[in-house]
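The values are calculated or read from the model by the stated rules, or taken from the named source; none is laboratory data. Here the structure is a predicted model, which means the values were calculated and not measured. Using ideal geometry, Cβ is built from the backbone for each residue, glycine included, and neighbour counts are taken over all protein chains shown.
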Amino acid sequence: MHDIREIAILLVEDDPGHARLVEKNLRRANIKNEIVFAPNGQEALDYLFGEGAHEGKEHAGHLLVLLDLNLPVLDGYQVLQRLKSDKRTKRIPVIILTTTDDPREVIRCYELGCNVYITKPMDYEQFAEAIHKIGLFLMVVMIPNGG
């Protein structure tokens, strides 16, 4: 197992305001990890698999993914399916962080292999508090070795 500080967080979020709010509240929860931003699903996969603009670039060997579902280019479901179906990345923990609260979508994400499903509250203060709690959760969670 690895020290939480060695784990980079890949934040896949197309709304820059939400991305800033997530980062700010993770920092408020004392999470000092590197946070990598991907504004769409294709960018996230390129980062994860070292393709496209990320070809040949070094990145953290241990990752945790915070994944929105409603993304341009490739949606969160497509990212999750590709991530969990590849032996190199299937053990990377994925936290779905989305406004979608339809029970069928929750089930679909768990069936595709997500580890945690969190609905973003619409209220700013509640959203900030939810992200702060995710940060506290990340301080105690164990991340598996390897991809």
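Can you confirm whether Lys32 is more than 22 Å from Tyr117 (Cβ to Cβ) and in contact with a Lys or Arg (Cβ under 7 Å, 6 or more places away or on another chain)? Write out each step before concluding.
On the way: more than 22 Å from Tyr117 (Cβ to Cβ): yes; in contact with a Lys or Arg (Cβ under 7 Å, 6 or more places away or on another chain): yes.
Yes: the conditions hold for Lys32.
Residues in the range 23-54 that are crowded, with 18+ Cβ neighbours inside 10 Å and under 12 Å from Leu138 (Cβ atoms): Asn25, Leu26, Ile31, Asn33.
Taking helices (runs of 4 or more DSSP H) that fall entirely within the range 40-147, which contain at least 3 residues that are of a type in the set (A, V, I, L, M) and within 20 Å of Glu6 (Cα to Cα)? In the range 40-147, 124-138 are the helices (runs of 4 or more DSSP H) which contain 3 or more residues that are of a type in the set (A, V, I, L, M) and within 20 Å of Glu6 (Cα to Cα). Of the residues making up the range 60-97, those that are over 18 Å from Leu138 (Cβ atoms), of a type outside the set (A, V, I, L, M) and either at pLDDT below 90 or out of contact with any strand residue (DSSP E or B) (no Cβ under 8 Å at 6 or more places or on another chain) (or both) are Pro72, Asp75, Tyr77, Gln78, Gln81, Arg82, Ser85, Asp86, Lys87, Arg88, Thr89, Lys90. Only one of the listed residues (Lys84, Lys120) is closer than 25 Å to Ala29 by Cα and under 14 Å from the mean Cα position of the chain (by Cα). That residue is Lys120. The residues of the range 6-30 that are within 16 Å of Ala44 (Cα to Cα) and assigned to a helix (DSSP H, G or I), listed by number, are Pro16, Ala19.
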